[in-house]
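Undergrad: Please find one structure pasted underneath; my questions will follow.
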Amino acid sequence: MKIRLRSFLLLAWLLLQTQAFHAGELKAGVGKMDITRPGHDAGDNPPFAKALVLSSGDTHAVIIAVDAVATAEIGSIRDPYLANVRAALRENFGIAPESVVINASHCHAVVAENVEALTIEAVEKAWAARVPVRAGSGKGHEDQIMINRRIALKDGSTVDERHAYSLPPSESVDSVGPIDPEIGILRLDRIDNGQPLALVYQFACHPIQGIPSGGNTADIPGFASKIIEENLGDGSAMAIFLQGCGGDINPVLYKSVTLPRNGEWHGTKLALSTLQAARKIEASDDALLSISSRTLEVPLADLAERIAQMEEEIDTLTKALKGTTLNFETFLPLYVKYHLSENYPSESAHRYLQDELLGKADWKTLDQNNKAALDAYIANIRTMEKLTRHQINLALLKKHHARNRESGPTASAEVAALRVGDFRLVTFPAEVTVPIGLKIKKRCGLPNAFVSGYTNGYLYYAPTAAQMKNRGGAQEDSDCLLAPGWEKQFTEAAVSLLKSL
């Protein structure tokens, strides 16, 4: 009897262990939908809504990557896109709203008006296609395709690299800011055949390089994902790009005027670096799935004082513009002449030497007058360039100041945190600048922890408190709703959430 009882208890224990294992078994499914707007053909690099559904027992997490500039406020997708997608997934599958994470790549693709329905359909496909998987995480490295677009000048000010205005003269440049070369990678392999099912790769860079025609495109991430999918495993895996803290990071060829604008080169480099790292990752059956979120009430800025200061600065710059004898047609050939020959710009050397022999200074006097006129014209150009930067950034400040006065002292910001095995991700709904992501990763001390902006909403740019002292000088600091206190709130919440997963 005792032997039978022991055998029964042992069998019961084994059954319980088996049930507990299956309850914690990680399943994943992927689905995607082309979201190109009709009439805006994107050729072989169309924008997608891609979905990854993860399940472990009663825990579910949905990662949605949308090839769009944002999921609210700007671009083709507007509120209440996020709320509606979450509501549909809750109704259809019982997925809690806080378990749905939607990241915008920030490419400037023109997407379909029914993007909401297409996104839901992508998740439906992923939900239906779930299979048991192993998970592995790691890091890649890419530092050739991007540059920090903030440029520190020798006078202590900071400007940024935009097509909306010109760069400062090279002789005034002091330094540039940091980049984040890490590629955060989550690889999911099917248990049944060992083939990769999905590769999530996270990277910080504005995907705004475009294509030579200037047409619709998923830009850098689209090119990268296509190459990854064609070269990973048997070619059936889905590559899912998540934008990182790219608020102040541009493609390295963004302002080039000697090459056609084309994100394909950048995407190819990113893909190759991602594949190189992904192939070294070892997947494990033991992959914990966890997701949590916290809503912060982040402070909004009062921009009235800075607006008044900038208006005075613009008035001063305008008054600094002076009349000059030159126009563009006379300036350009003179500028070329005086940079071809320093000593004899206006005539052959022997004419100058003959003047000296005769005790004259006719040519030298002409040169002095022309050089003074050139300096005056160039001074006007530099002043004009400063004016354009000031006027564009002042308009951004005024727009956000008016909005902040209407909305009150704070704004709600959802911070989501996800863990799949050793892969950890924390998010914020704004264009977070790279120093913040670097700081959070360092402070949390976790090997495969990553930070993504552009997720679950859009609150425009989110620069550091130090960068905000430069309001009016760069877009990140001007196209910004937030007050400096937001950085500490987010950093502390992000570190706490990452460590708690």
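The values are calculated or read from the model by the stated rules, or taken from the named source; none is laboratory data. If you're wondering where the values come from, they're calculated on a predicted model, not measured in any experiment. Here Cβ is always computed from backbone atoms with ideal geometry, including for glycine, and neighbour counts include all displayed protein chains.
Undergrad: May I ask you to verify whether L296 is over 28 Å from the mean Cα position of the chain (by Cα) and either over 18 Å from D375 (Cβ atoms) or surrounded by fewer than 16 Cβ atoms within 10 Å (Cβ to Cβ) (or both)? Break it down into steps so the answer makes sense when it comes.
TA: Details: over 28 Å from the mean Cα position of the chain (by Cα): no; either over 18 Å from D375 (Cβ atoms) or surrounded by fewer than 16 Cβ atoms within 10 Å (Cβ to Cβ) (or both): yes.
Against the criterion (over 28 Å from the mean Cα position of the chain (by Cα) and either over 18 Å from D375 (Cβ atoms) or surrounded by fewer than 16 Cβ atoms within 10 Å (Cβ to Cβ) (or both)), L296 does not qualify.
Undergrad: Follow-up question, since we're still on this one. Tally the residues that are buried (at least 21 other Cβ atoms within 10 Å of the Cβ) and part of a strand (DSSP E or B), restricting the search to region 168-198.
TA: 11
Undergrad: Still on this structure, I have one more. Might you let me know whether region 5-15 holds any residue that is crowded, with 19+ Cβ neighbours inside 10 Å and either basic (K, R) or at pLDDT 95 or above (or both)?
TA: Restricting attention to region 5-15, the residues satisfying the condition of being crowded, with 19+ Cβ neighbours inside 10 Å are none.
Scanning region 5-15, I find no residue that is crowded, with 19+ Cβ neighbours inside 10 Å and either basic (K, R) or at pLDDT 95 or above (or both), so the answer is no.
Undergrad: With the requirement that a residue be surrounded by fewer than 21 Cβ atoms within 10 Å (Cβ to Cβ), assigned to a helix (DSSP H, G or I) and in contact (Cβ under 8 Å) with a residue 24 or more places away in the chain, what does region 72-86 give you?
TA: Y81, N84 - these are the residues of region 72-86 that are surrounded by fewer than 21 Cβ atoms within 10 Å (Cβ to Cβ), assigned to a helix (DSSP H, G or I) and in contact (Cβ under 8 Å) with a residue 24 or more places away in the chain.
Undergrad: Just name the residue that is surrounded by the most Cβ atoms within 10 Å (Cβ to Cβ) out of those in region 465-501 that are closer than 14 Å to I307 by Cα and of a type in the set (D, E).
TA: D477
Undergrad: OK, next. S56 versus (1) buried (at least 18 other Cβ atoms within 10 Å of the Cβ); (2) at pLDDT 95 or above; (3) under 23 Å from the mean Cα position of the chain (by Cα): which is the lone unmet condition?
TA: (3)
Undergrad: Output the residues belonging to region 432-455 that are under 23 Å from V176 (Cβ atoms) and part of a helix (DSSP H, G or I).
TA: V434, P435, I436, G437, L438, K439, I440, K441, K442
Condition check ((1) touching a Phe, Trp or Tyr at 6+ places or on another chain (Cβ under 7 Å); (2) closer than 26 Å to H390 by Cβ; (3) in contact (Cβ under 8 Å) with a residue 24 or more places away in the chain; (4) assigned by TED's automatic domain parsing to the domain that holds R382) across all residues:
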{"residue": "D315", "(1), (2), (3), (4)": "no, yes, no, yes"}
{"residue": "L321", "(1), (2), (3), (4)": "no, yes, yes, yes"}
{"residue": "T324", "(1), (2), (3), (4)": "yes, yes, yes, yes"}
{"residue": "E329", "(1), (2), (3), (4)": "no, no, no, yes"}
{"residue": "L334", "(1), (2), (3), (4)": "no, no, yes, yes"}
{"residue": "N343", "(1), (2), (3), (4)": "no, no, no, yes"}
{"residue": "H350", "(1), (2), (3), (4)": "no, no, no, yes"}
{"residue": "L358", "(1), (2), (3), (4)": "no, no, no, yes"}
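Undergrad: Looking only at region 101-114, count how many residues are surrounded by fewer than 24 Cβ atoms within 10 Å (Cβ to Cβ) and under 18 Å from I63 (Cβ atoms).
TA: Let us first name the residues in region 101-114 that are surrounded by fewer than 24 Cβ atoms within 10 Å (Cβ to Cβ), namely 101, 108, 110, 112-114.
Next cut, under 18 Å from I63 (Cβ atoms) only: 101.
Final tally of qualifying residues: 1.
Undergrad: When you check P429 against the structure, is it within 18 Å of V69 (Cα to Cα), out of contact with any Lys or Arg (no Cβ under 7 Å at 6 or more places or on another chain), assigned by TED's automatic domain parsing to the domain that holds S99 and in a loop (DSSP other than H, G, I, E, B), yes or no? Walk me through it before giving the result.
TA: On the way: within 18 Å of V69 (Cα to Cα): yes; out of contact with any Lys or Arg (no Cβ under 7 Å at 6 or more places or on another chain): yes; assigned by TED's automatic domain parsing to the domain that holds S99: yes; in a loop (DSSP other than H, G, I, E, B): yes.
Taking the combined requirement at face value, the residue satisfies it.
Undergrad: Checking the structure you have, find out if any residue of region 235-242 is over 22 Å from the mean Cα position of the chain (by Cα), surrounded by 13 or more Cβ atoms within 10 Å (Cβ to Cβ) and either among the small types (G, A, S) or at positive phi (or both). Steps first, answer last, please.
TA: So in region 235-242, the residues over 22 Å from the mean Cα position of the chain (by Cα) come out as 235-237.
If we keep only those that are surrounded by 13 or more Cβ atoms within 10 Å (Cβ to Cβ) as well, we get 236-237.
From what's left, either among the small types (G, A, S) or at positive phi (or both): 236-237.
Checked region 235-242: at least one residue is over 22 Å from the mean Cα position of the chain (by Cα), surrounded by 13 or more Cβ atoms within 10 Å (Cβ to Cβ) and either among the small types (G, A, S) or at positive phi (or both).
Undergrad: Can you confirm whether V133 is more than 24 Å from the chain's Cα centre (by Cα) and over 28 Å from A83 (Cα atoms)? Outline the logic, then answer.
TA: On the way: more than 24 Å from the chain's Cα centre (by Cα): yes; over 28 Å from A83 (Cα atoms): yes.
Against the criterion (more than 24 Å from the chain's Cα centre (by Cα) and over 28 Å from A83 (Cα atoms)), V133 qualifies.
Undergrad: So S346 fits all but one of (1) in a loop (DSSP other than H, G, I, E, B); (2) surrounded by fewer than 13 Cβ atoms within 10 Å (Cβ to Cβ); what number is the exception?
TA: With (1) in a loop (DSSP other than H, G, I, E, B); (2) surrounded by fewer than 13 Cβ atoms within 10 Å (Cβ to Cβ) applied to S346, the lone miss is (2).
Undergrad: A follow-up question, please. Hey, among I208, I249, which residue is aliphatic (A, V, I, L, M), over 30 Å from S56 (Cα atoms), in contact with a strand residue (DSSP E or B) (Cβ under 9 Å, 6 or more places away or on another chain) and buried (at least 24 other Cβ atoms within 10 Å of the Cβ)?
TA: Going through I208, I249 in turn, just one is aliphatic (A, V, I, L, M), over 30 Å from S56 (Cα atoms), in contact with a strand residue (DSSP E or B) (Cβ under 9 Å, 6 or more places away or on another chain) and buried (at least 24 other Cβ atoms within 10 Å of the Cβ): I249.
Undergrad: For region 373-420, which positions are in contact with a Lys or Arg (Cβ under 7 Å, 6 or more places away or on another chain) and in a helix (DSSP H, G or I)?
TA: Scanning region 373-420 gives A376, N380, L397.
Undergrad: Check whether at least one residue in region 274-288 is in contact (Cβ under 8 Å) with a residue 24 or more places away in the chain, surrounded by 15 or more Cβ atoms within 10 Å (Cβ to Cβ) and within 25 Å of L396 (Cβ to Cβ), and report yes or no.
TA: Scanning region 274-288 turns up no residue that is in contact (Cβ under 8 Å) with a residue 24 or more places away in the chain, surrounded by 15 or more Cβ atoms within 10 Å (Cβ to Cβ) and within 25 Å of L396 (Cβ to Cβ).
Undergrad: Can you say whether L366 is aliphatic (A, V, I, L, M), farther than 28 Å from S166 by Cβ and assigned to a helix (DSSP H, G or I), as far as the supplied structure shows?
TA: On the way: aliphatic (A, V, I, L, M): yes; farther than 28 Å from S166 by Cβ: yes; assigned to a helix (DSSP H, G or I): yes.
Yes, satisfied.
Undergrad: Separate question: Looking at S213, is it surrounded by fewer than 21 Cβ atoms within 10 Å (Cβ to Cβ) and part of a loop (DSSP other than H, G, I, E, B)? Quick ask: steps written out before the conclusion?
TA: On the way: surrounded by fewer than 21 Cβ atoms within 10 Å (Cβ to Cβ): yes; part of a loop (DSSP other than H, G, I, E, B): yes.
Yes: the conditions hold for S213.
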